[in-house]
Amino acid sequence: SARDGSMAASFRVLLVVEDKRGAPFYRGIVRRLKEGGHLPACVAIAGVRKCEKCNSKLGRIVRAALAPLRAWGASDRVVIVVDAEGRPLEQAREEASRHVPAEHRERTRVVVLPYCAEGWVCVGLGLPFGSERTPVDALKDHLRKRRGAKADYQKYMLGGFVDKLDMDRLMKHPSFREFVEALRP
């Protein structure tokens, strides 16, 4: 980035997610998007913070990340990723958005996943899921079939799926496309 003396400027994005164990997954997804030409190389993840979708702490995180006085660690944008977990998407978006300070709404994006990040994994692997079968259930079944009855999906495994995902299939998924657009300068 320009901060380290190179010529290219960077566009720093702070990701706010509901589960810190998802950090390697989101960093990996951004890496794959850049490698595949879906995101410019200048996009840099400034950090991944954990915060519940409906929490006053969310406003403090956004305010601190976008504060002009913290130029050394400031972000250009905050992207908040929330899980709807089957609820109406706009309800989940509103719950998160109400905590974003008005002066920072222009530089903040809220991306709502219909279920959870595991939904993107299922889409990228071609595993079916829906109202009767959650993405987590689909991943559990997938792992049991591949590794035997003793294997079970755990959240820490999320990052391990990144390099197995079909990015072209994911780019057709609405919430994934919204995520990619939110990351663009």
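The values are calculated or read from the model by the stated rules, or taken from the named source; none is laboratory data. Since the structure is predicted, the reported quantities are computational estimates derived from the model, not experimental observations. Backbone-built Cβ (ideal geometry, glycine too); neighbour counts: all protein chains shown. Areas reflect the complete protein model, heavy atoms only, side chains present, ligands, DNA and RNA absent. Shrake-Rupley method; radii C 1.70, N 1.55, O 1.52, S 1.80 Å.
Applying a threshold of 8 Å to beta carbon distances and a minimum spacing of six or more residues, or different chains, the list of pairs starting in segment 25-53 at a residue that is aliphatic (A, V, I, L, M) and ending at one that is assigned to a helix (DSSP H, G or I) and open to solvent by 60 Å² or more (accessible area, probe 1.4 Å) reads ALA41/LYS34; VAL43/LYS34; ILE45/ARG27; VAL48/LYS20; VAL48/ARG27.
Restricting to segment 66-85, count the residues that are open to solvent by 10 Å² or more (accessible area, probe 1.4 Å) and modelled with pLDDT of 85 or more. Matching residues across segment 66-85 total 4. Within segment 11-42, the set of residues being of a type in the set (Gly, Ala, Ser) and either open to solvent by less than 40 Å² (accessible area, probe 1.4 Å) or on the phi > 0 side of the Ramachandran plot (or both) comprises GLY22, ALA23, GLY28, GLY37. The set of residues from segment 134-183 being among the small types (Gly, Ala, Ser) and closer than 14 Å to LEU33 by Cα comprises just one member, ALA182. Cβ-Cβ distances below 6 Å connect the following pairs, each with a first residue in segment 99-116 that is within 19 Å of ARG12 (Cβ to Cβ), a second residue that is among the polar types (S, T, N, Q) and open to solvent by less than 40 Å² (accessible area, probe 1.4 Å), and a separation of six or more residues or different chains: VAL100/THR108; VAL110/SER97. Residues in segment 88-138 that are open to solvent by 10 Å² or more (accessible area, probe 1.4 Å) and of a type in the set (Gly, Ala, Ser): how many? The number of residues fulfilling the criteria is 5.
Here ASP141 clears all of (1) surrounded by 12 or more Cβ atoms within 10 Å (Cβ to Cβ); (2) closer than 30 Å to PRO40 by Cβ except the condition numbered (2). Considering GLY159, GLY124, the condition of being within 16 Å of the chain's Cα centre (by Cα), more than 29 Å from ALA65 (Cα to Cα), among the small types (Gly, Ala, Ser) and assigned to a helix (DSSP H, G or I) is satisfied by GLY124 alone.
Screening ILE45 on (1) under 28 Å from HIS142 (Cα atoms); (2) among the β-branched types (Val, Ile, Thr); (3) open to solvent by 20 Å² or more (accessible area, probe 1.4 Å) shows it passes everything except condition (1). When each of VAL48, VAL81 is tested for being more than 17 Å from PRO174 (Cα to Cα) and out of contact with any Cys (no Cβ under 7 Å at 6 or more places or on another chain), the lone residue that passes is VAL48. For segment 157-177, the criterion of being under 21 Å from GLU94 (Cβ atoms), modelled with pLDDT of 95 or more and open to solvent by 40 Å² or more (accessible area, probe 1.4 Å) is met by at least one residue.
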